[in-house]
Amino acid sequence: MRTFQEVFSQVYEALFPTRPSQQALLARLADRLPVTRWLDVGCGTGKHARFLAARGMRVTAMDVDPPMIRLAQQAARREDLRIDFRVADMTDPGAYRGFAGRFGGASCLGNSLAYVTRPGSLDAAVLHMGWSLAPGGVLLIQTTNFDNTASVHSFPPLAVPSAGLVFHRRYRKRDDGLIDFELELVPEGGGPPWRAGHLIRPITMADLEQAVEGAGLRVTARWGDFDRRPWTPLAPATILLAGREGGF
């Protein structure tokens with residue numbers, strides 16, 4: 001029987017398609033970089049990495065999940081794109097070996113940072129990303145807006161008609177401040193569902209700002225969505241842009 005992660009990786013881009021506003025922001029940033037190399041951390045199936053590579057960026061992309069990376073590699077081959085995909089843990093210093101000052105831009109999108117739960121690991125991961133930037137380089141981070149207490153709840157079901165599946169997600173607060181994230185893929189025609197659970201950290205804007213500043217970067221923008229509307233505690237997302245000295 002296939003695992004949850006194998007099934008989930010195959011329907012990931014159907015569940016979370018790339019939005020034009022995401023691509024517009026990535027293009028705006030990429031077109032102004034001092035170095036045409038991009039680091040995509042927590043890349044999933046590589047949809048952002050492929051977009052940037054198609055625009056001429058030299059992209060390195062990492063994810064801790066082997067099924068995601070396999071699908072990312074297959075999609076890049078179909079599109080005739082050269083991308084350096086790696087199975088790697090964003091909190092592992094060894095994943096960034098040889099990256100010092102190499103990239104004009106880096107990103108960690110799709111709430112990937114929330115899975116970094118060990119004490120000190122958020123600051124360490126952001127430090128490694130910042131260390132990888134060339135002077136004038138930028139770091140773009142997106143998470144769920146955990147400052148909005150209403151964001152810690154159950155989500156509406158998402159249907160994937162092409163796969164005959166319905167996706168369910170639930171957040172459950174824990175006494176230690178972390179969140180149990182429960183996921184379920186249910187066949188529409190009946191049959192046993194696929195289930196998984198993860199521990200995540202509700203990262204606030206203040207947490208991100210502290211991590212970014214600790215990495216020696218300067219916060220240049222705070223947005224509540226990819227249309228670049230200003231961030232507020234009630235915004236749907238937390239998006240932070242930071243730059244290394246010499247940037248814009």
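The values are calculated or read from the model by the stated rules, or taken from the named source; none is laboratory data. On a predicted model such as this, the values are computed, not experimentally measured, just so you know. So basically every Cβ, Gly included, is an ideal-geometry build from the backbone, and we count neighbours across all protein chains shown. Areas reflect the complete protein model, heavy atoms only, side chains present, ligands, DNA and RNA absent. Shrake-Rupley method; radii C 1.70, N 1.55, O 1.52, S 1.80 Å.
Quick one: count up the residues across region 94-121 that are more than 26 Å from ARG58 (Cα to Cα) and more than 13 Å from the chain's Cα centre (by Cα). Total meeting the criteria: 5. Scanning region 205-230 for residues being open to solvent by 40 Å² or more (accessible area, probe 1.4 Å), under 18 Å from the mean Cα position of the chain (by Cα) and either polar (S, T, N, Q) or more than 29 Å from ASP176 (Cα to Cα) (or both) gives a total of 2.
Taking the conditions (1) modelled with pLDDT of 95 or more; (2) out of contact with any Gly (no Cβ under 9 Å at 6 or more places or on another chain); (3) open to solvent by 20 Å² or more (accessible area, probe 1.4 Å) in turn, MET1 satisfies each one other than (1). Please verify whether region 103-116 includes one or more residues that are surrounded by fewer than 16 Cβ atoms within 10 Å (Cβ to Cβ) and not basic (Lys, Arg). No: zero hits.
Can THR143 be described as under 15 Å from LEU208 (Cβ atoms) and of a type in the set (Ser, Thr, Tyr)? Spelling it out, THR143 is indeed under 15 Å from LEU208 (Cβ atoms) and of a type in the set (Ser, Thr, Tyr). Taking the conditions (1) under 22 Å from GLY216 (Cβ atoms); (2) out of contact with any helix residue (DSSP H, G or I) (no Cβ under 9 Å at 6 or more places or on another chain); (3) surrounded by fewer than 19 Cβ atoms within 10 Å (Cβ to Cβ) in turn, ARG77 satisfies each one other than (1).
In region 187-211, the residues that are closer than 27 Å to LEU109 by Cα and among the hydroxyl-bearing types (Ser, Thr, Tyr) reach residues that are open to solvent by 40 Å² or more (accessible area, probe 1.4 Å) and assigned to a loop (DSSP other than H, G, I, E, B) with C-beta atoms within less than 8 angstrom, at least six apart or across chains, in these pairs: THR204/ASP147. For ARG86, the conditions (1) open to solvent by less than 20 Å² (accessible area, probe 1.4 Å); (2) in a strand (DSSP E or B) are fulfilled apart from (1). Of all residues in region 12-54, those satisfying the criterion of being assigned to a strand (DSSP E or B) and open to solvent by less than 20 Å² (accessible area, probe 1.4 Å) are TRP38, LEU39, ASP40, VAL41. For region 128-155, a residue qualifies if it is aliphatic (A, V, I, L, M) and closer than 21 Å to TRP223 by Cα, and the qualifying residues are MET129, VAL138, LEU139, LEU140, ILE141, ALA150, VAL152.
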